[in-house]
Amino acid sequence: MTATAAQDQPTAETPIPANARIAQLRERIDEIDASIISLWQERAELSREVGAARVASGGTRLVLAREGEILDRFRGGLGPDGTQLGLLILRAGRGPL
């Protein structure tokens with residue numbers, strides 16, 4: 001590393017400027033959002049497949065006990081807002097009730 005390059009590296013004495021740090025954080029947020037969207041779409045497709053297989057085998061489209069387990073998991077992991085997120089995720093896979 002050259003002396004100039006070493007001077008450009010942030011250290012404890014020279015922190016990253018706020019606007020640069022904000023840009024880094026936003027970039028990571030955008031990456032996480034892309035992952036969430038991709039996983040949401042994959043989960044919805046899998047859920048639709050489960051529902052179709054259940055109906056094709058003579059079962060019901062919905063299994064309320066299973067949905068309750070999912071909502072409990074989201075509520076347990078995320079608190080009260082987790083329930084709302086869980087409901088949105090369930091709806092994405094099965095459609096509105």
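The values are calculated or read from the model by the stated rules, or taken from the named source; none is laboratory data. Computed from a predicted model, the values in this text were never measured in an experiment. For neighbour counting, all protein chains shown are included, and Cβ atoms are generated from backbone atoms with ideal geometry for every residue, glycine included.
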| query | Quick check, is Gly51 surrounded by 10 or more Cβ atoms within 10 Å (Cβ to Cβ), assigned to a helix (DSSP H, G or I) and at pLDDT below 95? | reply | yes
| query | Counting just the residues of segment 60-97 that are part of a helix (DSSP H, G or I) and small (Gly, Ala, Ser), which one comes out surrounded by the fewest Cβ atoms within 10 Å (Cβ to Cβ)? | reply | Ala65
